[in-house]
Amino acid sequence: MASKVPIGRWAKESLAMMMIGDALVTLVDPQRHCRLWMKGPEKWREFVGVFVQHPGITRGLALGELGLGIWLAENQKPVAATSSLNYEEQRRSEPLTADSAGELAAPQAI
């Protein structure tokens, strides 16, 4: 059975991707996107109708959703100890070497 920690991280990453995609679609055409949700009980249709009637407010909320989705995605940390951050830190700590032309070359992989 898989550990709950990776599943939770995958769920958060998936939610972040859905939020970002939904926000971008809403920013492009808020009225069309909101009309897709005009199904169901009358109270729900009235609620969604407010967003159809006010595309500026809808775009503002979409910007908030976009920011929240990006924040959520950025806060997902790799589980493995050999993350790209560790690789970059190790690479920066290696001394630069001079090539045959006297120019500095990037550190060599070990």
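Which is β-branched (Val, Ile, Thr), out of contact with any Ser or Thr (no Cβ under 9 Å at 6 or more places or on another chain) and surrounded by fewer than 13 Cβ atoms within 10 Å (Cβ to Cβ), of Ile20, Ile70, Ile57?
Numbers: Ile20 fails: surrounded by fewer than 13 Cβ atoms within 10 Å (Cβ to Cβ); Ile70 fails: surrounded by fewer than 13 Cβ atoms within 10 Å (Cβ to Cβ).
Every option except Ile57 fails the conditions.
Whether any residue in segment 57-70 is of a type in the set (D, E, K, R), at pLDDT 95 or above and assigned to a helix (DSSP H, G or I) is what I want to check.
To start, the set of residues in segment 57-70 that are of a type in the set (D, E, K, R) comprises 59, 65.
Applying the additional criterion that residues be at pLDDT 95 or above yields 59, 65.
Checking which are assigned to a helix (DSSP H, G or I) leaves us with 59, 65.
Checked against the condition, which is being of a type in the set (D, E, K, R), at pLDDT 95 or above and assigned to a helix (DSSP H, G or I), segment 57-70 yields at least one hit.
The values are calculated or read from the model by the stated rules, or taken from the named source; none is laboratory data. Everything numeric here is computed off the predicted structure, so don't read it as measured data. Glycine also receives a Cβ, built like all others from the backbone with ideal geometry; neighbour counts cover every protein chain displayed.
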